[in-house]
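J.: My questions will all concern the structure given below.
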Amino acid sequence: DLKRKSPDAMFRSALRKLPEHRTATELEMIYDEILHINALKELSNEIKKQLTKVIQFEFHQQVGTTLFHQGDEGRSWYVILSGVVDVLIHGKGVVCSLHEGDDFGNLAIVNDAPRAATIVTAQPNCQFLRVEKFDFVKILNEVEAKTDRLKEHGKDVLILEKNSLKSRSGSMADTLTPSNYKYSIARGTVDKILEHILRYIQPWVLTGMEDSMEDFIITYKLFTDSKHLCEYLLKQYRAGDSLKKGVVYFVVRWSHIHTYIFHEDPDIQSFLKVDTNFIKHISENPMVAVSGKPGLLNRRSSNNGTSGASQVVLTVGTSVQRYPMSKQNGAEPIHDSDKVLLKIYDWNNTYTTVKLPISATVSFQIIAAACEKLSNSPSDFKLVELHENHDTNEIPKRQTSVATAVSLNSRLYLTTTGDHPYLVNKQSASKTIEASHMETVSSLEIAYHLCKHNWNLMNNIHILEFLFKTCGGHKFKWTTSNLNVMARRFNQLAYWPPTEICLCANINKRVQLLRKFIKWDTYLKMYHDMFGFMAVMIGIGNQAVSRLHDTWDKLPSKYRKMVQGFEGILDPSRNHRNYRLFVASTESTRIPYFPLIMKDLTFMQEGNDTFKDDLVNFEKMVITLLDINVTTSVDNLLETTKTAGTTKKYAITCPVITNQVVLNEMSNTVEPKRT
Ligand code: CMP
């Protein structure tokens, strides 16, 4: 009987049978047919074989038949054998049509989420292949990465990639939540990515979508702006109930992640004022109250109407660099609106001070303010940084965060073109620094304070500063002051061993000091302060120290072996493989080695375009900040009982000489070249 029918009719009648009634020949025939179906092209032959046993036939004669509604529970996956369907989304209408060979309905069943759209037949006599959720999950969940392209009006708007990778929130989320999100966002339009996140985010539940939302919140400035984001969220909030919860949750997380940047952004602030219902809804969100941080709405209003900006006395250009002490020893972050004191010299080494926000630009604010005080005409002048080693560089006109960006021990000069040779840093650090005699203080105590200060500085860094730094902060009109301070801290710690050791004329004391440095570094490593550890290690390896053969010869071999071990971790070869392995082997990193994070971010930033075929390359945003949230608190550090205030102060300020020529000379003086 079968033989007399057309192949097409035979195929259909085989499909109409209950799967368990299909004969071997029928299964083979189904297999041959589905080999040619576009939607199944990427599947392995094995999976296609399994599909032949579960696939079913569905037929709709009428135009306008609804297969399912947006918001429904997902029960099956469809492939169009013939005909056309329309995809409808609330508030948008028909966003696209799907044709023969296309598939749909996978999102909801893979993710255990409601249907993202309504599907209606747009032609008479539509034929579908249908796979029930149970079979789909069993068979297709194991499928290698599969790409899913969502179209609207003929254009790709969202490209999803099925991933078998674990969610970043770790194994907890994987085992606790059955509805772990299985697709990651590869590319998409800003609005569609947002819509997707808002639809699938589940407040209080850790799904993979939580990570995507955070990535979006952290990186959105790369591909859109606050104003657009706000408008979109408000539109979705007002459109109906389906995304309301998602929008509220998004805004709450946004304010948590961006903290003061969120509260200081005028676009966000005016957006929050537009809709009183919205504000009310957000402030009723339990997370707003739960977090001990200042609430979303009462931001800095506690200042009784005085200007929100606090003042930091951060003096630059003195011979010894000071950190923003008045912000409680670096215990608080520097905000863009904070005012700093800049000491600016002119060619005859007299100086003037100007007080400007850290976000002030060189050309329009700093030079202008300094020239006004010195009664010069700003148009002729440049701002030049004179380093301790007498090198100079002009600070670019549009640069901001000057106070934190200049290097240790350098001075700022106001000069006209070409008079750089005048500049002599007479008050160079090498003339004013004296040995600290910190070798007499307990190693644990110093290490504790070093680590604690590093930790404070790290916590001051806003997560967005990484982004601003690697992608060009001026584009975002935001500064990277706290990151700059951290970078300077790295240099300070790296110049600390050569400074102290070369200041020490007595060989026995020098040996003792070198031992101390190695011990301090051991403690930093023990505290998982990889930042401090690497910096001090670089300092011990400084040529001014490494050439001190007499000192090294007298060092007990135990210490030399320790240094050799540490040097292994420092080895940059194979993309810092040793360091990465070491960090992976420890349970926690309290303070990561920032230069490496910056390197990774820059690599990622330069190696990937932000947009690909007009779509936001969201995959790139995902790699962006993988490693940064690695903080554990310092509370459980072994605090020493007899802490002297001077030790703490020293660990924060530790004055250093950064001029390598001077350090080499000092090193030669304490230990002349062997003949
Ligand atoms: P699901 O959410 O299960 O149900 C509706 C389906 O429509 C969805 O899976 C997608 O497979 C499909 N679809 C096609 N285009 C779009 C689109 N632009 N937005 C959302 N869903 C779409």
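J.: Please work out if L67 is more than 38 Å from the chain's Cα centre (by Cα), in a strand (DSSP E or B) and surrounded by 15 or more Cβ atoms within 10 Å (Cβ to Cβ).
T.: yes
J.: For N491, only one of the following conditions fails: (1) touching a Leu at 6+ places or on another chain (Cβ under 6 Å); (2) surrounded by fewer than 19 Cβ atoms within 10 Å (Cβ to Cβ); (3) within 30 Å of P266 (Cβ to Cβ); (4) not β-branched (V, I, T). What is its number?
T.: (3)
J.: Considering (1) part of a loop (DSSP other than H, G, I, E, B); (2) modelled with pLDDT of 90 or more, say which one H36 fails and leave the rest.
T.: Every listed condition holds for H36 apart from (2).
J.: In segment 347-391, which residue that is acidic (D, E) and surrounded by 18 or more Cβ atoms within 10 Å (Cβ to Cβ) is farthest from L414 (Cα to Cα)? Walk me through it before giving the result.
T.: First, pick out the residues of segment 347-391 that are acidic (D, E): 372, 380, 385, 388, 391.
Filter once more, keeping what is surrounded by 18 or more Cβ atoms within 10 Å (Cβ to Cβ): 385, 388.
Working: E385: 9, E388: 17 Å.
So the residue we want is E388.
J.: Kindly provide the set of residues from segment 235-251 that are open to solvent by 20 Å² or more (accessible area, probe 1.4 Å) and closer than 16 Å to V190 by Cα, ordered by number.
T.: Of the residues in segment 235-251, the ones open to solvent by 20 Å² or more (accessible area, probe 1.4 Å) are 235-236, 238-242, 244-245.
The answer is K235, Q236.
J.: Among the listed residues D72, D135, D112, D103, identify the single one that is open to solvent by 10 Å² or more (accessible area, probe 1.4 Å), under 23 Å from D8 (Cα atoms) and out of contact with any Cys (no Cβ under 7 Å at 6 or more places or on another chain).
T.: Details: D72 fails: under 23 Å from D8 (Cα atoms); D135 fails: under 23 Å from D8 (Cα atoms); D112 fails: under 23 Å from D8 (Cα atoms).
Checking each option against the conditions leaves just D103.
J.: Looking only at segment 9-26, decide whether some residue is closer than 18 Å to D103 by Cα and within 48 Å of the chain's Cα centre (by Cα).
T.: There is no residue in segment 9-26 that is closer than 18 Å to D103 by Cα and within 48 Å of the chain's Cα centre (by Cα).
J.: Shifting gears a bit: Taking only segment 75-119 into account, find how many residues are near the ligand (Cβ under 8 Å from one of its atoms) and either in a strand (DSSP E or B) or in contact with an Asp or Glu (Cβ under 8 Å, 6 or more places away or on another chain) (or both).
T.: Total satisfying the criteria: 15.
J.: With respect to S283, is the statement that it is of a type outside the set (K, R), under 21 Å from H335 (Cα atoms), more than 26 Å from the chain's Cα centre (by Cα) and open to solvent by 30 Å² or more (accessible area, probe 1.4 Å) true?
T.: Details: of a type outside the set (K, R): yes; under 21 Å from H335 (Cα atoms): no; more than 26 Å from the chain's Cα centre (by Cα): yes; open to solvent by 30 Å² or more (accessible area, probe 1.4 Å): yes.
Here the answer is no, as S283 does not meet what is asked.
J.: So, one more: Here is a list of conditions, (1) surrounded by fewer than 19 Cβ atoms within 10 Å (Cβ to Cβ); (2) touching a residue at least 24 places away in the same chain (Cβ under 8 Å); (3) assigned to a helix (DSSP H, G or I), and D521 meets all of them except one; can you say which number that is?
T.: Checking D521 against (1) surrounded by fewer than 19 Cβ atoms within 10 Å (Cβ to Cβ); (2) touching a residue at least 24 places away in the same chain (Cβ under 8 Å); (3) assigned to a helix (DSSP H, G or I), the one that fails is (1).
J.: Here is a follow-up. Among D148, D156, which is the only one that is modelled with pLDDT of 90 or more and within 13 Å of the ligand (Cβ to nearest atom)? Please lay out each step first, then the result.
T.: On the way: D148 fails: modelled with pLDDT of 90 or more.
None of the other options fit; the residue is D156.
J.: Restricting to segment 528-553, and then to whatever is part of a loop (DSSP other than H, G, I, E, B) and open to solvent by 10 Å² or more (accessible area, probe 1.4 Å), can you tell me which residue is nearest to K673 (Cα to Cα)?
T.: Keep residues of segment 528-553 that are part of a loop (DSSP other than H, G, I, E, B), which gives 528, 541-542, 547-548.
Add one more test, that the residue is open to solvent by 10 Å² or more (accessible area, probe 1.4 Å), and what stays is 528, 541-542, 547.
Details: H528: 37, G541: 18, N542: 16, R547: 9 Å.
Top of the filtered list is R547.
The values are calculated or read from the model by the stated rules, or taken from the named source; none is laboratory data. Small disclaimer: the values here were computed from a predicted structure and weren't measured. Every residue, glycine as well, gets a Cβ built from its backbone with ideal geometry; the counts of neighbours run over all protein chains shown. Side chains are part of the model used for accessible areas, which takes the heavy atoms of the whole protein and leaves out ligands, DNA and RNA. Shrake-Rupley method; radii C 1.70, N 1.55, O 1.52, S 1.80 Å.
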